[in-house]
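*Asks:* Would you mind keeping the following structure in view while I ask a few things?
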2 protein chains.
Amino acid sequence: MPLRLAILASGNGSNAQAMISAMQAGTLHIEIPLIASNNPKAYVLTRAEKAGIPTYAFDHRDFKDRESCDRAIVARIREANCDAVALAGYMRLLSHTFLTEFGGPVLNLHPALLPSFPGLHGARDALAYGVTITGATVHFVDEKMDNGPIIIQAAIPIRPNESEDELLSRIHALEHRIYPQAIEWLAQGRLVRKGRIVTLTGKGKPGIQPESALISPELEEGM
Amino acid sequence: MPLRLAILASGNGSNAQAMISAMQAGTLHIEIPLIASNNPKAYVLTRAEKAGIPTYAFDHRDFKDRESCDRAIVARIREANCDAVALAGYMRLLSHTFLTEFGGPVLNLHPALLPSFPGLHGARDALAYGVTITGATVHFVDEKMDNGPIIIQAAIPIRPNESEDELLSRIHALEHRIYPQAIEWLAQGRLVRKGRIVTLTGKGKPGIQPESALISPELEEGM
């Protein structure tokens, strides 16, 4: 049985699209039974509809508190029989209630090499600090923001005088490769967590290391 | 006139050796008129003597406080007509007095991708956190530990089940390449600081990007 993944997103949904495309191309062996958004106008919902994926749009202001909102989302995720959740530009912190009531793995990504530059502006903060290398991180979600065990990271050099938009666009391009890879590993049951350490077990396809980025663990063929 | 660089080190001095070797090989166009150590038994002093470089060994317990110790070091650095200082495994925080009385650029390196994992155990802390990419950083020194403007960083993947010793040894190998490069850029007058941002100006030799590390800005030929 393939992994059944719910995606939560608040905006454009380019990472959701990367997963949909990888699934359609047969490199990501999952089903996506639900895409949910707290923003009824989010373009990610249009992407879902184009791919024939059921959606759940809600307005968190319709709920009396974060917990009741999160309970309603978890109820939808369970109705759709999902085993795992991927946050893809989901701009709300998940409550303790969400994580305990859902119980399964929840993944997120961040546009920086965590633990550097957590928070809402990973790329902007990296530019302001003056690092010369930044990147992207896919991690398991726990109750602290941008804190959970790390699955995969990708590093790129910051270019001289690079704008936030240019940098973010290169980081997004990396995310679209490493996030499907992390989910494929999860779907294959190859990610073993022990405390903060995530080990990639089993044997995959031969690794590739793209020229312009250092990605660790290495991407496998087709990703 | 080549840059005259003083090196401060507390231990084995492998980074000092990298600079000495690059200078002797003619890839690093500087003079090293002084190597100072707060540890009279440090092997870096033997390296200096082998290379014919004057040394200054002191015991900080012979001084009444940090400021008077730092003043004595700065006096030696000035006597030796040094323009810049490189910390190479120097295990003491420089005082405000050192930085203001010396006045010239002071460089340091750190075995992690700052601002991640500052402090005494950059590699150990990276392993404990579970990042999959770490690296090394060369930066200008300011009064906060591991905080100054960044000149160059190098990123490497952490290997599965890697020990702290294995990781540190790979990080040191990177440091021995990026630290001489940073000093060569300084010697060429090509590093322009504006706030936290360091810009590499002018035109260098064609860049190279080693296979197993992502280094930004790229190393130039011969480094």
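*Asks:* Taking a label point 7 Å from Cα toward Cβ, how far is B:Gln24 from its twins in the other copies, in nm, shortest first?
*Replies:* Copy-to-copy label distances for B:Gln24: 6.2 nm.
*Asks:* Hey, another quick one. Just to confirm my numbers, what's the Cα centroid distance between the stretch B:68-133 and the stretch A:12-82 in Å?
*Replies:* What the calculation gives is 49 Å, centre to centre.
*Asks:* Related question: If each label sits 7 angstrom from Cα along the C-beta direction, how far apart, in nm, is B:Thr97 from its counterparts in the other copies?
*Replies:* Once sorted, the set of distances for B:Thr97 reads 5.9 nm.
*Asks:* Across peptide A:110-117, what mean number of C-beta atoms from other chains lies inside 10 Å of a residue's C-beta?
*Replies:* Averaged over the peptide's residues, the number is 4.
*Asks:* Placing the label point 7 Å from Cα along the Cα-to-Cβ direction, what are the distances from B:Glu67 to the equivalent spots in the other copies, shortest first, in nm to one decimal?
*Replies:* 5.6
*Asks:* Chains A and B: how much accessible area gets covered up at their contact, both sides added, probe 1.4 Å, in Å² to the nearest hundred?
*Replies:* Answer for the A-B pair: about 2200 Å² buried.
*Asks:* Magnitude of the Cβ-charge dipole of the stretch A:78-191, K/R +1 and D/E -1, about the Cα centre, nearest 20 debye?
*Replies:* Charge dipole, the stretch A:78-191, about its Cα centre: 160 debye, nearest 20.
*Asks:* Which percent of the accessible heavy-atom area of the protein assembly as shown goes to carbon and sulfur, probe 1.4 angstrom?
*Replies:* It is 51 percent, rounded to a whole number.
*Asks:* In addition: Please list 3J(HN,Hα) in residue order for the stretch A:118-128, calculated via the Karplus relation 6.51 cos²θ - 1.76 cosθ + 1.60 where θ = phi - 60°; whole Hz, with x for glycine and proline.
*Replies:* Computed from phi, the couplings for the stretch A:118-128 are x, x, 6, 10, x, 6, 4, 5, 5, 4, 5 Hz.
*Asks:* Any idea of the accessible area per residue across chain B, 1.4 Å probe, to the nearest Å²?
*Replies:* For chain B, the per-residue accessible area is 44 Å².
*Asks:* Another question, then. Using a/c under 1.5 as the rounded threshold, could you call the protein assembly as shown rounded, prolate or oblate? The axes a ≥ b ≥ c are square roots of the C-alpha gyration tensor eigenvalues, and prolate needs a/b larger than b/c, oblate otherwise.
*Replies:* prolate
*Asks:* Still on this structure, I have one more. Dipole of the stretch A:1-116 (Lys/Arg Cβ +1, Asp/Glu Cβ -1, origin at the Cα centre): which of A:Ser14, A:Met1, A:Asn81 lies farthest to the positive side?
*Replies:* A:Ser14
*Asks:* Then there is this: Please say if the stretch B:1-104 is rounded, prolate or oblate, where rounded means a/c under 1.5 for a ≥ b ≥ c the square roots of the C-alpha gyration tensor eigenvalues, and otherwise the choice is prolate for a/b larger than b/c and oblate otherwise?
*Replies:* Oblate shape, in that a/c is at least 1.5 and b/c is the bigger or equal ratio.
*Asks:* Using +1 at the Cβ of each Lys and Arg and -1 at the Cβ of each Asp and Glu in the stretch A:110-223, identify which of A:Ala182, A:Ala155, A:Gly135 lies farthest towards the dipole's positive end.
*Replies:* After comparing all options, I get A:Ala182.
*Asks:* Turning to a different aspect of this structure: Is the shape of the stretch A:110-223 rounded, prolate or oblate, going by the alpha carbon gyration tensor and its root eigenvalues a ≥ b ≥ c, with a/c under 1.5 for rounded and a/b larger than b/c for prolate? Show your work: numbers first, answer last.
*Replies:* Numbers: a/c = 2.46, a/b = 1.42, b/c = 1.74.
Since a/c reaches 1.5 but b/c is at least a/b, the shape of the stretch A:110-223 is classed as oblate.
*Asks:* Moving to a separate point now. Highest mean first, how do B:134-142, B:189-197, A:145-153 rank when packing is the count of other Cβ atoms within 10 Å averaged over residues?
*Replies:* Result, highest mean first: B:134-142, A:145-153, B:189-197.
*Asks:* If the limit is 30 Å between Cα atoms, which of A:Lys41/B:Lys194; B:Lys64/B:Lys144; B:Lys41/B:Lys64; A:Lys41/A:Lys144 go over it?
*Replies:* In this structure, A:Lys41/B:Lys194 lie more than 30 Å apart at Cα.
*Asks:* Then there is this: Looking at the stretch B:30-120, which trypsin sites (Lys or Arg not before Pro) are in a loop (DSSP not H, G, I, E or B) and have at most 14 other Cβ atoms within 10 Å?
*Replies:* B:Lys41, B:Lys64
The values are calculated or read from the model by the stated rules, or taken from the named source; none is laboratory data. In this text, all values refer to a predicted model and were calculated from it rather than measured experimentally. All Cβ positions, even for glycine, are placed from backbone atoms using ideal geometry, and neighbour counts span all protein chains on display. What goes into the accessible areas is simple: the full protein's heavy atoms, side chains included, and nothing from ligands, DNA or RNA. Shrake-Rupley method; radii C 1.70, N 1.55, O 1.52, S 1.80 Å.
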